[in-house]
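Reviewing the structure listed below.
The values are calculated or read from the model by the stated rules, or taken from the named source; none is laboratory data. This structure is a prediction, so every number in the text was calculated from the model and none was measured. Note that each Cβ is placed from the backbone with ideal geometry, even for glycine, and that neighbours are counted across all protein chains shown. Each accessible area value is taken on the protein alone, full model and side chains, heavy atoms only, with ligands, DNA and RNA left out. Shrake-Rupley method; radii C 1.70, N 1.55, O 1.52, S 1.80 Å.
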Amino acid sequence: AQTVTQSQPEMSVQEAETVTLSCTYDTSESNYYLFWYKQPPSRQMILVIRQEAYKQQNATENRFSVNFQKAAKSFSLKISDSQLGDTAMYFCAFMSPGGTSYGKLTFGQGTILTVHP
Amino acid sequence: DAGVTQSPTHLIKTRGQQVTLRCSPKSGHDTVSWYQQALGQGPQFIFQYYEEEERQRGNFPDRFSGHQFPNYSSELNVNALLLGDSALYLCASSLSVGEGVETQYFGPGTRLLVL
């Protein structure tokens with residue numbers, strides 16, 4: 001079974017600074033996909049970024065980028081130029097295109113990020 | 001373009017009762033997945049529906065059942081409610097593709113409180 005671990009329950013950062021959220025995972029699959037989702041307080045979960053394991057290039061989406069280390073099974077999220085609207089719970093998630101994980105997102109425990117003015 | 005919608009937004013039930021939650025997928029999506037999110041935790045996968053059939057199921061008891069309609073909307077039913085069923089129930093929709101993995105888009109959730 002796949003597991004996803006987020007070892008930072010809470011993080012804080014000053015507005016305009018950079019912060020990195022950590023995520024590690026465990027799987028025996030060779031082909032899989034990794035995601036970061038953001039869940040603002042009392043608002044719905046939205047996709048931040050997605051990474052295909054077969055791609056060596058790290059995904060980027062504007063101020064959000066990932067550091068994907070396949071051998072280490074590590075998938076961290078870097079947020080540059082942090083904004084107050086980035087305050088949210090961030091979840092790392094895993095899915096594989098086959099086997100018992102097909103169609104099923106496995107989430108980590110989440111990291112609460114607070115951006116201070 | 002309407003996103004994923006869920007109803008009701010909040011619900012209060014008592015132990016032993018039954019509840020039905022509803023989800024309409026994002027326009028163009030044909031697959032619906034349901035997740036349970038306890039307070040302060042990550043969502044846990046309940047099951048996924050595609051072509052009106054349950055395609056994948058997580059580690060939830062048979063008290064949790066679902067249905068998908070021809071218009072791709074879905075219902076989650078929970079029988080014999082327990083206090084531990086209190087949670088935010090999230091619906092996610094996606095478009096099934098031949099290969100690879102489809103990104104799931106989430107609705108706002110239904111907050112269920114069991115007293």
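So, residue A:47, is that one within 16 Å of residue A:75 (Cβ to Cβ) and touching a Ser or Thr at 6+ places or on another chain (Cβ under 9 Å) or not? So residue A:47 passes the test.
Give the residue that is surrounded by the fewest Cβ atoms within 10 Å (Cβ to Cβ), with candidates limited to residues of the stretch B:95-115 that are in contact with a Phe, Trp or Tyr (Cβ under 7 Å, 6 or more places away or on another chain) and at the interface with another protein chain (Cβ under 8 Å from one of its Cβ atoms).
As a first pass, look at the stretch B:95-115 and keep what is in contact with a Phe, Trp or Tyr (Cβ under 7 Å, 6 or more places away or on another chain): B:96, B:101, B:109-110, B:112.
If we keep only those that are at the interface with another protein chain (Cβ under 8 Å from one of its Cβ atoms) as well, we get B:101, B:109.
Details: B:101: 21, B:109: 25.
Looking at the filtered set, the residue picked out is B:101.
When A:51, A:44 are checked against the criterion of being in contact with a strand residue (DSSP E or B) (Cβ under 9 Å, 6 or more places away or on another chain), in a loop (DSSP other than H, G, I, E, B) and under 24 Å from residue B:90 (Cβ atoms), a single residue qualifies: A:44. Taking the residues in the stretch B:80-94 that are surrounded by 13 or more Cβ atoms within 10 Å (Cβ to Cβ) and not in a strand (DSSP E or B) as candidates, determine which candidate is farthest from the other protein chains (Cβ to nearest Cβ). This residue is B:81. If you go through the stretch A:73-106 and pick out every residue that is loosely packed, with under 15 Cβ neighbours inside 10 Å, within 30 Å of residue B:47 (Cα to Cα) and out of contact with any strand residue (DSSP E or B) (no Cβ under 7 Å at 6 or more places or on another chain), you end up with 3.
Considering the conditions (1) touching a Lys or Arg at 6+ places or on another chain (Cβ under 9 Å); (2) of a type outside the set (A, V, I, L, M, F, W, C); (3) assigned to a strand (DSSP E or B), residue A:114 is excluded by exactly one of them, (1).
In the stretch B:1-49, which residues are open to solvent by less than 30 Å² (accessible area, probe 1.4 Å), assigned to a loop (DSSP other than H, G, I, E, B) and in contact (Cβ under 8 Å) with a residue 60 or more places away in the chain? Matches in the stretch B:1-49: B:4, B:25, B:29, B:30.
A count restricted to the stretch A:5-41 and to residues that are within 11 Å of chain B (Cβ to nearest Cβ), within 17 Å of residue A:59 (Cα to Cα) and in a strand (DSSP E or B) stands at 5.
Out of A:63, A:50, one residue alone is open to solvent by 20 Å² or more (accessible area, probe 1.4 Å), within 14 Å of another protein chain (Cβ to nearest Cβ) and out of contact with any Gly (no Cβ under 8 Å at 6 or more places or on another chain). It is A:50. Every condition in (1) of a type outside the set (D, E, K, R); (2) modelled with pLDDT of 95 or more; (3) open to solvent by 20 Å² or more (accessible area, probe 1.4 Å); (4) under 20 Å from residue A:14 (Cα atoms) is met by residue A:41 except one, and the failing one is (2).
Can you name every residue in the stretch B:55-79 that is within 13 Å of chain A (Cβ to nearest Cβ), not small (Gly, Ala, Ser) and not in a strand (DSSP E or B)? Listed by number, the residues that qualify are B:59, B:60. A Cβ distance below 9 Å, combined with a sequence gap of six or more or placement on separate chains, defines the contacts here; from the stretch A:67-80, residues that are without any contact (Cβ under 8 Å) to a residue 24 or more places away in the chain reach residues that are in a loop (DSSP other than H, G, I, E, B) and surrounded by 15 or more Cβ atoms within 10 Å (Cβ to Cβ) in the pairs A:70/A:53.
Could we say that residue B:55 is more than 11 Å from the chain's Cα centre (by Cα) and either β-branched (Val, Ile, Thr) or loosely packed, with under 15 Cβ neighbours inside 10 Å (or both) here? Spelling it out, it is not the case that residue B:55 is more than 11 Å from the chain's Cα centre (by Cα) and either β-branched (Val, Ile, Thr) or loosely packed, with under 15 Cβ neighbours inside 10 Å (or both).
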